[in-house]
Amino acid sequence: MRVPETRAKIYSGLAALPAQLRFCASVLYRRIFHKRRYPLLYLRASKTGFLRTIMLLQRCKLTKVIKVGRKYHFSLLEPRWPSEAYDHLMANGGLNLGAAGTAAKVQIDLAVLAITRACDNRCEHCYERYNLGRQDTVALSRWRTVIEELQQIGVSVVALSGGEPLARFERTLSLLETADKRRSDFHLYTSGYPATWERVVALVDAGLAAVGVGLDHFEPSRHDAIRGRKGAFENAVEAIRMFGEAGILTFVNACMTKSLVQDHGLWRLHDLLHTLGVGAI
């Protein structure tokens, strides 16, 4: 696999404009010249329009843009832009944030699929602890059907979770390889174990768009205790490095424990993840 260049480059013409401006220009272009293809792409400032969404995001200070390679991530609940998957989002009213739950926004932002019961961790905060086991009860063919049905309805991001999806690597890879990446982006939620460079390469080649690695503390011993397995911190950090080097968005899922929140722990975790090149927490 060729590792993509992730450093910012200087482009001429339209590509030289800031990402937000180019994005808004693309939205306006689709609204004016391809109205039939985007029937739910509204510009108005009412609760069912794109301008209203911009106002809401600015009020919440959710205006960060993450560039990875030649793609941009505006949110962990949206596909990369530009892409066919993002076009599907716009066509289904995905930009009408204030219209959630109405006919003006039929797009589902995120679907998290627990594709396996297997996991070698015993996390203190695990909400799936009573569902874990060595045998998977849902067939791979059924998961393929579920993904297909979700995409027919309209879903922006399908996150493969568990259990630990890397503990059933062949199952995870097979779902990625057969899924339609033109309609949705696919993310992976993982503890980072057991990750290898070969597995990371295979997942990215199969179309993985982003990965969320669980890292619950900046101190290795405390993270290991939370995860119930010695070496969990080292595994998570190494997975973050490998997925970042593979050229996809790497973010961190962190559990807000009391020990982390107190004594400026969040800032110390932030500093650690900043050195690892993490795109979001």
- request: For residues that are hydroxyl-bearing (Ser, Thr, Tyr) and either assigned to a strand (DSSP E or B) or modelled with pLDDT under 95 (or both), tally how many sit in segment 188-237.
  value: 2
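Residue-wise test of (1) surrounded by 12 or more Cβ atoms within 10 Å (Cβ to Cβ); (2) over 30 Å from Ala206 (Cα atoms); (3) modelled with pLDDT under 95.
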site: Ile10; (1), (2), (3): no, no, yes
site: Gln20; (1), (2), (3): yes, no, yes
site: His34; (1), (2), (3): yes, yes, no
site: Ile54; (1), (2), (3): yes, yes, yes
site: Asp87; (1), (2), (3): yes, no, no
site: Asn92; (1), (2), (3): yes, no, no
site: Leu95; (1), (2), (3): yes, no, no
site: Ala100; (1), (2), (3): yes, yes, yes
site: Gln107; (1), (2), (3): yes, no, no
query: Of all residues in segment 267-281, how many are surrounded by 15 or more Cβ atoms within 10 Å (Cβ to Cβ) and either over 25 Å from Thr196 (Cβ atoms) or in contact with a strand residue (DSSP E or B) (Cβ under 6 Å, 6 or more places away or on another chain) (or both)?
result: 6
query: Is it the case that segment 168-181 has a residue that's among the aromatic types (Phe, Trp, Tyr) and touching a residue at least 60 places away in the same chain (Cβ under 8 Å)?
result: no
- prompt: Only one residue in Ser46, Ser75 is among the small types (Gly, Ala, Ser), within 23 Å of the chain's Cα centre (by Cα) and either open to solvent by 30 Å² or more (accessible area, probe 1.4 Å) or over 14 Å from Met90 (Cα atoms) (or both), so which one is that?
  reply: Ser75
statement: Among Ala139, Ala118, Ala99, Ala167, the single one that is under 30 Å from Ser26 (Cβ atoms) and over 19 Å from the mean Cα position of the chain (by Cα) is Ala99
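The values are calculated or read from the model by the stated rules, or taken from the named source; none is laboratory data. Quick caveat: nothing in here was measured; it's all calculated off a predicted structure. Note that we place each Cβ from the backbone using ideal geometry, even for glycine, and neighbour counts take in every protein chain shown. Calculation scope for accessible area: heavy atoms of the full protein, side chains included, ligands and nucleic acids excluded. Shrake-Rupley method; radii C 1.70, N 1.55, O 1.52, S 1.80 Å.
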